[in-house]
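The values are calculated or read from the model by the stated rules, or taken from the named source; none is laboratory data. Fair warning: this is a prediction, and the values are worked out from it, not measured in the lab. Positions of Cβ are generated from backbone atoms using ideal geometry, with glycine treated the same way; all protein chains shown enter the neighbour counts.
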Amino acid sequence: MEQLLQLFIYGLVLGSIYALGAIGVSLTFGILRFANFAHGDLMTLGAYFALTFVGWGWPLGVSWIPAALATAVCAVGIDQWVYRRLRREAPVILLISSFGTALILRSLVQILWGPDNQVYRQGIQIPWEVGGLRIKPDWVVILAGTALLVVALHLFLQHTQVGKAMRAMADNFDLAKVTGIDTEQIILWTWTLGAALACLAGIFLGLDTRLHPTMGWRLLLPVFAAAILGGIGRPYGAIAGGLVIGLAEEFSTLVISPAYKTGVAFAILVLLLIFRPTGLVGGRA
Amino acid sequence: MLSYAIFFLILVGIYSVLALGLNIQWGYAGMFNIGVGAFFALGAYASAIVTTPPSPEHLGGFALPFWVGFAVAAVVAGAMAFLIGLITLNLRSDYLAIATIGIAEIISQILKNEGWLTNGVRGITRIPRPFRGWIPGQDTLLYLGLVLLVLAGVYWLSERAYRSPWGRVLRAIREDEPAALAAGKDVLQFRLQAFVLGSTLMGLAGALYAHFVNFISPEAFQPEFATFIVWVMLIAGGSGNNRGALLGALAIWGVWSASELFTNRLPPQWATRAGPLRILLIGLLLQVILLTRPQGLLPERPPQPVGDASSLSRASRTPEGESAG
């Protein structure tokens, strides 16, 4: 029982990270209509930006703000320089381009910060013992941070003009366009939001484990699985999807080797795409 | 210098087989496979296990002749593609792409973690090079001959396939799936055949690679080198055009090798950054190609209908013809 609860906690932490990544994937997939393969590497980039600010002696609680801004600037810059010019092409051309972007970002991270494992702070954090369970203080930061971000996202999507336009575009692009929404401007907002959340996902992943240039790329499959599980273009679905995939991966370690956790996300993804391609709660195919 | 040229051409030949395999999947049929490296690795490991001398470190070595290894490599990669294709080929191209990331990741984890099968991260050594000692000191030249022979066969096969009715159906599925369905074509069946054929070629390329370098480990099949560069080759050369795939393999491998000359001149403290710098260059090259020449150096040229059909279509296309008649 305790073991199950412990796995449940691991799953929630991992699921929170997936959820933050999946929101960005879901929004860009829903609004721009292409699977952004560079999203994982945006997470990596964000995590390393924060590492730089931490290196300057700023606390991580402050560093995330400039890191998120810098990641958003990068995402918008890539969109303006590359993706904007390809918007008239088939979505799959954008997908290939984003695959190239992913490699560019990853090699930049390796060039600027080096290929080795790095951490935000040295030393091992002593976990709290709560009723036989081990809980690391960092996990509380991750879970609370994710909860706050989700609430902020909810307020943004429900109560601001931009947020409403974003949801409208994810629902029906053409209809949104004829009602006079400035689609190019909303696209910029989508990148900003998606990249900022990706940055936080990267920081949380770096906090939970460590920073490595391929950390984000390895998350791409579960993050996409989460976004599809929740229904493309549905940020709330993406959050639920992230938690489901995170929990499923952790509970799977009861029966299979942890090395094959990716297989769980893959299996969920394939079963889902075969039986319910619009996601569990309904969304666009 | 000559030995460098032979070395260079052998790798171009191996990458050409990979690019031709990917061309059947993406260029002909529009299926997006990001697991190229996985099928490449499967072929390399399959042939290595079959042909190495017995070893306690991994499954086998069965010490069989190299051509058996090549055949097993092609069959193993093809069989894996068949299983994967059955469950994923109904997916839309972007979803298929995501699914193939998962396949590549799972296969790479198996190579790393199943030591009894692959010797894990330590890899498989002593993979025999065929024709060693036939002409003293010239085994790489003989091996180049073998690579070119395989490449010629693969090219001939791909061209035949492209011009055949089978290739035409694949193009129809790529361009307009509902129309192909309405014409009574079994879309899933055709996709599965193209996916298996392309992956078989990738497996064969893996065997060619393993017997050339004599040592393989999971490191050699990272997505940057085994998947990404093959995609850039095909896009640069021209998707759908087999000669484009060959030209792309030559051009991009040329750029890749030339970039090494450049990074060798970097100051020593930059030495560890040379690899990523070269990947960065190839990534930027891909973006430039997509933005300026998305059809590639040699654009696709499907065979035109001949005989009556061509004169008919020409007549209907030119208004002068109608007014004259």
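Here are the numbers:
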{"item": "Positions within segment A:26-58 being surrounded by fewer than 21 Cβ atoms within 10 Å (Cβ to Cβ) and not hydrophobic (A, V, I, L, M, F, W, C), in sequence order", "result": "A:ARG33, A:THR52, A:GLY55, A:GLY57"}
{"item": "Hey, B:ARG92 of a type in the set (Lys, Arg) and within 14 Å of chain A (Cβ to nearest Cβ) or not", "result": "yes"}
{"item": "Single residue of A:VAL92, A:VAL73 found to be at negative phi, away from every other protein chain (no Cβ under 14 Å) and either surrounded by fewer than 23 Cβ atoms within 10 Å (Cβ to Cβ) or in contact (Cβ under 8 Å) with a residue 60 or more places away in the chain (or both)", "result": "A:VAL73"}
{"item": "Candidate set: segment A:196-219, residues that are assigned to a helix (DSSP H, G or I) and either within 14 Å of chain B (Cβ to nearest Cβ) or free of Cβ contacts under 8 Å to residues at least 12 places away in the same chain (or both); chosen: the one farthest from B:PRO223 (Cα to Cα)", "result": "A:LEU219"}
{"item": "Yes/no for B:ALA63 being at pLDDT below 95, surrounded by fewer than 24 Cβ atoms within 10 Å (Cβ to Cβ) and either among the aliphatic types (A, V, I, L, M) or under 19 Å from B:VAL230 (Cβ atoms) (or both)", "result": "yes"}
{"item": "Given (1) modelled with pLDDT under 95; (2) in contact with a strand residue (DSSP E or B) (Cβ under 8 Å, 6 or more places away or on another chain), number of the condition B:ALA44 does not satisfy", "result": "(1)"}
{"item": "Count of segment A:220-231 residues which are in contact with a Ser or Thr (Cβ under 9 Å, 6 or more places away or on another chain) and within 14 Å of chain B (Cβ to nearest Cβ)", "result": "6"}
{"item": "The lone exception for A:TRP56 - which of (1) free of Cβ contacts under 8 Å to residues at least 24 places away in the same chain; (2) of a type in the set (Phe, Trp, Tyr); (3) touching an Asp or Glu at 6+ places or on another chain (Cβ under 8 Å) it fails", "result": "(3)"}
{"item": "Hits in segment A:44-102 (condition: acidic (Asp, Glu) and modelled with pLDDT of 95 or more)", "result": "A:ASP79"}
{"item": "Evaluation of A:ALA19 against (1) assigned to a loop (DSSP other than H, G, I, E, B); (2) surrounded by 21 or more Cβ atoms within 10 Å (Cβ to Cβ) (one fails), failing number", "result": "(1)"}
{"item": "Meets criteria (surrounded by fewer than 16 Cβ atoms within 10 Å (Cβ to Cβ), without any contact (Cβ under 8 Å) to a residue 60 or more places away in the chain and part of a helix (DSSP H, G or I)) for A:GLY61", "result": "yes"}
{"item": "Among the candidates B:PRO218, B:PRO268, B:PRO299, B:PRO303, residue that is free of Cβ contacts under 8 Å to residues at least 60 places away in the same chain and more than 11 Å from every other protein chain (Cβ to nearest Cβ)", "result": "B:PRO268"}
{"item": "Filtered residues of segment B:230-261 (kept if within 14 Å of chain A (Cβ to nearest Cβ) and either hydrophobic (A, V, I, L, M, F, W, C) or touching a Phe, Trp or Tyr at 6+ places or on another chain (Cβ under 8 Å) (or both))", "result": "B:VAL230, B:TRP231, B:VAL232, B:MET233, B:LEU234, B:ILE235, B:ALA236, B:SER239, B:GLY240, B:ILE252, B:TRP256"}
{"item": "Scope segment B:89-141; condition among the aliphatic types (A, V, I, L, M), surrounded by fewer than 17 Cβ atoms within 10 Å (Cβ to Cβ) and closer than 30 Å to B:VAL196 by Cβ; matching residues", "result": "B:LEU117, B:VAL121"}
{"item": "Residues that are aromatic (Phe, Trp, Tyr), in contact with a Gly (Cβ under 7 Å, 6 or more places away or on another chain) and buried (at least 24 other Cβ atoms within 10 Å of the Cβ), drawn from segment B:193-223", "result": "B:PHE195, B:PHE221"}
{"item": "Qualifying residue in segment B:41-57 (condition: free of Cβ contacts under 8 Å to residues at least 40 places away in the same chain, in contact with a helix residue (DSSP H, G or I) (Cβ under 6 Å, 6 or more places away or on another chain), within 25 Å of B:ARG132 (Cβ to Cβ) and surrounded by fewer than 23 Cβ atoms within 10 Å (Cβ to Cβ))", "result": "no"}
{"item": "Only one of B:VAL50, B:VAL17 that is away from chain A (no Cβ under 14 Å), part of a helix (DSSP H, G or I) and closer than 17 Å to B:ALA236 by Cα", "result": "B:VAL17"}
